[in-house]
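In what follows, a single structure is set out as structure tokens and then discussed.
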Amino acid sequence: MTNTARATRIEELARQRPRDWFLRISALVVGIAICWAWVTSHPLLGRLSASRRWENLQRFSEGLIPSPVRKSGDWIDAIPWAWELLTDGGFVALVTTVGIATAAIILSGAVVLPVLAMASRRLSRVDPFGLRTGKVGGSLGLGWKILGPIVRFGFVLSRSVPEYLIAFLLLSLLGLQVWPLVLALAIHNFGILGRLWGEVIENTDDDSATHLYGSGLSRTSVYATSILPRSLNRFLIYFFYRWETCIKDATVLGMLGLLTLGKLIMLSKGFFWDRMLFYVLLGSCFILVMDLSSTWLRKRLR
Amino acid sequence: MPDPATEPSYYGKKRWVFFVLVFVFLICAWALGLTPRGLIPSDVNQWDRTARFFQAALHPALDYEDVNVPEDAEPILVKGLKGILLTLKFAFGAMSLAVPTALLLGFFGSSAWWPEPCGKRSKALLRVVYAACRFLMSFLRSIHELIWALLFLSAMGVSPLAGMVALALPFSGTLGKVFSELIDEEARDAAEALKAIGHGPVQTFLVGILPRAMPNLITYSFYRFECALRSSAVLGFVGIETIGLYIQLSNEEFYYREVWTYLYLLIAMIVIVDRWGAMIRRHLQTKEGGCI
């Protein structure tokens, strides 16, 4: 091939490449939105003067050093200080955080499991797996037709409100107790687990389920004896992933005033930056450990 | 179907998962004092408030409930839409910082581009960079965006940049981790071919691996954008002006109908973005990427 022939061929190929107007317009919208976000965020650094900001920053970063160390200049003194913070509330808060997250994720998993069957595109219809079992029409047929979309939309709705917001609203209704936090996490994760687990059961091949349904089992039995056990491992992967996220979120929900790390962080904010940093790092360390162990667990489950 | 007689442990294991989870739940409920009674509002006041809250869901406010709002104030719907725009603004700003950072972190936290015949010393260096990037990503995402926001607002004062950076940090950690995994999972045949005809490692990565992983990267970024929207709404609770701030203020005054107006706007925005994402996914022909 000569150079010109190659050039024309390349041009031709370039012209033939798939073009998608929807994607182009989406990209354009995103691009414009990003420019708009930066241009209109004025003043970008806030209204404080530069010198005030610098003062703030200095005070803040000085405050981050543990108070005994600030006095003596010796980092050894930070150890008893940290131990005291850990035993005086820190540890309890950590355990409470984990407890709330665990209760919430199990609760939402327990609700999602039965509902999930109703959201399945292949099971929740008049003719599951394309197998017709007689004439069904009228309201029953319509009922089967709209059940799946309604449940799936329910998933979208419940995951669209951030858990922090749900917790805030529920706290003002139910008063200061643990339930609002658990419920908030459970409601939000109901939608997310519904979507993630839904994907799993849509992607699992269903020959055994088809077989069982064809041989006369009900939808419920097919779901419980074939679809569920086959997808369980991947369900657990997502379950642990969400559990991990729940712990992180539960930490922060404490900022609304209940005894998780978030509350301690909120209480020490403004006066004891060193304590605040300690609690932040405590939570962070815990999540790092969780992260490592869940990566390990995920590898084993796969 | 596997024969239970030949696979005795098969059924037992799966059943135990449920038993253990129920048991763990009961322990947690006991330890936290979660009783069914806690779910029922305790006195007449609370009953009244709860009833009012849920009734308000049917009649979201189209006008301010607060009588002290000045006559010339903008209508509540305009204010709500402005809140939505501000929420979008922080999410877009944060993602425009997070995605490039994540690409960089994801690149150094992935082994796909490592040159194959590689000296001992440079391999050790690559390993160190790899481990450092992975750790950095884990650390960034181990702190919740609200706490990052709290730290940044304390250090820098309330400013748009602080909010965006606070959102961008944990998001770049998560995005980077998933990017590196998506890149590592992509088939390497094109890259091998390019390498065989003498391309360098970085060229191979940019031409052979990255374009192939691109649809998945875009899909995942868009999903995270949705998450960023939610987080951005919540930033309102630490004092940055987004829809969350309006919800908080209205709720504190018990203007539940206003709360629902804002909530409906927020839900509508998220549902629309969710549908947009689904369409992008369909056009890119990628599967719904899980969030791991």
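The values are calculated or read from the model by the stated rules, or taken from the named source; none is laboratory data. A quick note: this is a predicted structure, and the numbers were derived from the prediction, not measured. Glycine gets a Cβ as well: all are built from the backbone with ideal geometry, and neighbour counts include every protein chain shown.
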Is it the case, given these coordinates, that B:V234 is assigned to a helix (DSSP H, G or I), within 27 Å of B:R49 (Cα to Cα) and either touching a residue at least 40 places away in the same chain (Cβ under 8 Å) or among the polar types (S, T, N, Q) (or both)? yes
Residue pairs within 7 Å by beta carbon, gap of at least six or interchain, first lying in the range A:131-153 and assigned by TED's automatic domain parsing to the domain that holds A:V111, second in a loop (DSSP other than H, G, I, E, B) and surrounded by fewer than 10 Cβ atoms within 10 Å (Cβ to Cβ), listed first then second, are none
Tell me yes or no: at least one residue of the range A:182-192 is buried (at least 19 other Cβ atoms within 10 Å of the Cβ) and either without any contact (Cβ under 8 Å) to a residue 12 or more places away in the chain or part of a loop (DSSP other than H, G, I, E, B) (or both).
no
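Out of B:I84, B:I27, report the one residue that is assigned to a helix (DSSP H, G or I) and closer than 17 Å to B:I247 by Cβ.
Details: B:I27 fails: closer than 17 Å to B:I247 by Cβ.
Matching residue, one of B:I84, B:I27: B:I84.
Out of everything in the range B:106-118 that is in a helix (DSSP H, G or I) and surrounded by fewer than 23 Cβ atoms within 10 Å (Cβ to Cβ), what residue ends up being nearest to the other protein chains (Cβ to nearest Cβ)?
The initial filter retains those residues of the range B:106-118 that are in a helix (DSSP H, G or I), namely B:106-108.
Next, from what is left, pick out any that are surrounded by fewer than 23 Cβ atoms within 10 Å (Cβ to Cβ): B:107-108.
On the way: B:F107: 20, B:F108: 18 Å.
Among residues in the range B:106-118 that are in a helix (DSSP H, G or I) and surrounded by fewer than 23 Cβ atoms within 10 Å (Cβ to Cβ), the one nearest to the other protein chains (Cβ to nearest Cβ) is B:F108.
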Next item on the list: For B:K89, indicate whether it is of a type in the set (K, R), more than 9 Å from chain A (Cβ to nearest Cβ) and farther than 26 Å from A:L261 by Cα.
Entry: no
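Within the range B:125-142, does at least one residue satisfy the condition of being assigned by TED's automatic domain parsing to the domain that holds B:Q203, of a type in the set (A, V, I, L, M) and in contact with a Pro (Cβ under 7 Å, 6 or more places away or on another chain)?
If we filter the range B:125-142 for residues that are assigned by TED's automatic domain parsing to the domain that holds B:Q203, which is where we start, we get B:125-142.
Then keep just the ones that are of a type in the set (A, V, I, L, M); that gives B:125-126, B:128-129, B:131-132, B:136-137, B:140.
After this cut, where a residue has to be in contact with a Pro (Cβ under 7 Å, 6 or more places away or on another chain) as well, the list is B:140.
Within the range B:125-142, one or more residues are assigned by TED's automatic domain parsing to the domain that holds B:Q203, of a type in the set (A, V, I, L, M) and in contact with a Pro (Cβ under 7 Å, 6 or more places away or on another chain).
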Would a scan of the range A:233-255 turn up a residue that is more than 25 Å from B:W16 (Cβ to Cβ), more than 9 Å from chain B (Cβ to nearest Cβ) and not in a helix (DSSP H, G or I)? no
When every residue in the range A:93-129 that is touching a residue at least 24 places away in the same chain (Cβ under 8 Å) and more than 27 Å from the chain's Cα centre (by Cα) is compared, the one surrounded by the fewest Cβ atoms within 10 Å (Cβ to Cβ) is A:F129
Of those in the range B:119-170 that are assigned to a loop (DSSP other than H, G, I, E, B) and not aliphatic (A, V, I, L, M), the residue farthest from A:M266 (Cα to Cα) is B:G119
Conditions (1) of a type outside the set (A, V, I, L, M); (2) crowded, with 21+ Cβ neighbours inside 10 Å; (3) within 22 Å of B:G244 (Cα to Cα) -> A:G175 fails only (2)
Taking the range A:1-46 and keeping only residues that are within 22 Å of B:R281 (Cα to Cα) and either among the hydroxyl-bearing types (S, T, Y) or within 7 Å of chain B (Cβ to nearest Cβ) (or both), one is left with A:D20, A:F22, A:L23, A:S26, A:A33, A:I34
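Kindly indicate which of B:G208, B:G176, B:G200 is over 18 Å from B:K79 (Cα atoms), more than 11 Å from chain A (Cβ to nearest Cβ) and surrounded by 23 or more Cβ atoms within 10 Å (Cβ to Cβ). Spell out how you get there, then give the answer.
On the way: B:G208 fails: surrounded by 23 or more Cβ atoms within 10 Å (Cβ to Cβ); B:G200 fails: surrounded by 23 or more Cβ atoms within 10 Å (Cβ to Cβ).
That would be B:G176, the only listed residue that is over 18 Å from B:K79 (Cα atoms), more than 11 Å from chain A (Cβ to nearest Cβ) and surrounded by 23 or more Cβ atoms within 10 Å (Cβ to Cβ).
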